[in-house]
Structures are given as structure tokens and as C-alpha cells.
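Take a look at the structure set out below.
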Amino acid sequence: MTTLPNGVIETTVGNVTTYSNDKIYTYYKGANWEGNHDGLKTEVVHIALTDKYPLKDGKLASVVNVKFKLHNTTQGKFTTYPDQAQLITSTGKKIESPTFKSENIGGEIDKGVTKEGILYFQLEKGNADKINWIQLFWPVSDNGTEQRIVLYLNE
């Protein structure tokens with residue numbers, strides 16, 4: 001257990017990290033990724049899962065939340081669309097694109113610009129707690145290239 005500078009208590013058991021101020025999501029320590037595609041640095045900052053996301057109609061939904069950070073280190077514009085990502089889970093679920101409330105982090109990114117945003121994928125049948133890994137893939141450039149990554153939540 002660690003107390004962070006902002007007073008939040010972080011507890012890690014195995015690969016599962018929880019935070020005292022977040023009663024909805026479970027964050028997975030080590031379930032992150034960094035890559036560089038022709039000068040676009042992309043980072044998956046965190047993966048968080050819940051079966052308790054409150055919807056407007058009062059029902060609870062199962063959600064996978066993925067935080068991205070993109071930084072264009074090229075001398076020109078770079079086009080990428082992580083907000084059009086497809087998600088596949090170890091439980092066999094495939095979600096064609098982020099479901100709701102996701103931030104628009106895709107499109108053209110000017111040189112030197114950094115964009116950050118969270119994508120939300122709703123699982124129709126629930127059981128977020130049974131997911132061991134997720135696979136994400138999304139268009140990276142105008143020439144049809146895709147980025148594919150697999151992130152393991154429990155080992």
C-alpha cells in the first residue's frame with residue numbers, strides 16, 4: 001500500500017491495482033504499452049475495468065476503459081484513429097469501436113502536439129472481472145497501416 005502525493009491510497013495485489021478514491025474501476029498495473037510508429041509516439045497509460053459503470057437510465061454497465069496518450073514527434077502532420085479502435089477480450093467479446101463518452105483523440109495531429117483521452121468500451125454481457133487480456137487495433141496512418149497490441153491483465 002502506497003500513499004500518493006495527492007493523498008490517494010494505491011494498493012497492489014499481484015497485477016491488480018486499486019485506488020481508494022475510485023469505487024467504480026479496477027486498474028491493472030503493468031497493463032500499459034508504448035510504441036513509436038514513424039514518429040508518432042503512442043502510449044496506453046492504463047486499462048481499467050468495471051461491472052459497475054452507472055448509465056443515465058440507472059442501470060449498471062460493464063466497461064473497459066483505455067487511456068491513450070499520443071505525441072507527434074515528426075516535422076509534419078500525422079494521422080491516427082485510436083478512437084476507432086476495435087477491442088477483443090480474452091472472453092471472446094469483440095467491440096467494433098468505443099461505445100460512449102469517449103474522447104475524440106484521433107485525426108490529424110500537428111507536429112509537436114500531444115493528445116490524451118480515454119476510450120470506453122461497453123461489454124454487452126458483463127463479466128469484466130473475467131477478462132485476462134485485451135487486444136486493441138486501430139488505423140495508424142492514411143496508408144492503411146494498423147497498430148495491434150495485446151495487453152495482459154492477469155498473469
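Per-structure values
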read-out: Matching entry among Asp51, Asp57, Asp129, Asp83 (being of a type in the set (Asp, Glu), within 24 Å of Ile24 (Cβ to Cβ) and open to solvent by less than 40 Å² (accessible area, probe 1.4 Å)); value: Asp83
read-out: Hey, Leu70 over 20 Å from Ser141 (Cβ atoms), under 18 Å from the mean Cα position of the chain (by Cα), hydrophobic (A, V, I, L, M, F, W, C) and open to solvent by less than 10 Å² (accessible area, probe 1.4 Å) or not; value: no
read-out: Single residue of the stretch 144-155 satisfying the filter (within 17 Å of the chain's Cα centre (by Cα) and over 17 Å from Ile95 (Cβ atoms)) that is most open to solvent (accessible area, probe 1.4 Å); value: Tyr152
read-out: Given (1) more than 13 Å from the chain's Cα centre (by Cα); (2) at pLDDT 90 or above, number of the condition Gln86 does not satisfy; value: (1)
read-out: Every pair of residues 6+ apart whose Cβ atoms lie under 6 Å, when the first sits in the stretch 31-57 and is within 22 Å of His71 (Cβ to Cβ) while the second is assigned to a loop (DSSP other than H, G, I, E, B) and open to solvent by less than 10 Å² (accessible area, probe 1.4 Å); value: Ala31/Leu153; His37/Val140; Ile47/Ala31
read-out: Members of the stretch 113-136 that are within 16 Å of Gly92 (Cβ to Cβ) and in contact with a Lys or Arg (Cβ under 6 Å, 6 or more places away or on another chain); value: Leu123
read-out: Residues within the stretch 92-117 that are open to solvent by less than 60 Å² (accessible area, probe 1.4 Å), in contact (Cβ under 8 Å) with a residue 40 or more places away in the chain and either among the basic types (Lys, Arg) or out of contact with any His (no Cβ under 9 Å at 6 or more places or on another chain) (or both), tallied; value: 2
read-out: Wholly enclosed strands (runs of 3 or more DSSP E) of the stretch 9-117 bearing at least 3 residues more than 26 Å from Gly144 (Cβ to Cβ); value: 9-13, 16-19, 26-28, 40-54, 60-72
read-out: Residue in the stretch 132-143 that is farthest from the chain's Cα centre (by Cα), counting only those that are open to solvent by less than 60 Å² (accessible area, probe 1.4 Å) and of a type outside the set (A, V, I, L, M, F, W, C); value: Ser141
read-out: Filter result for Ser62 (of a type outside the set (Asp, Glu) and over 15 Å from Tyr25 (Cβ atoms)); value: no
read-out: Test: residue in the stretch 103-123 that is modelled with pLDDT of 90 or more, of a type in the set (Asp, Glu) and over 12 Å from the mean Cα position of the chain (by Cα); value: yes
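The values are calculated or read from the model by the stated rules, or taken from the named source; none is laboratory data. None of the values given here were measured: they were computed from a predicted structure. Please note: Cβ atoms are built from the backbone with ideal geometry, for glycine as well, and neighbour counts cover all protein chains shown. Side chains included, ligands, DNA and RNA excluded: accessible areas come from the protein's heavy atoms. Shrake-Rupley method; radii C 1.70, N 1.55, O 1.52, S 1.80 Å.
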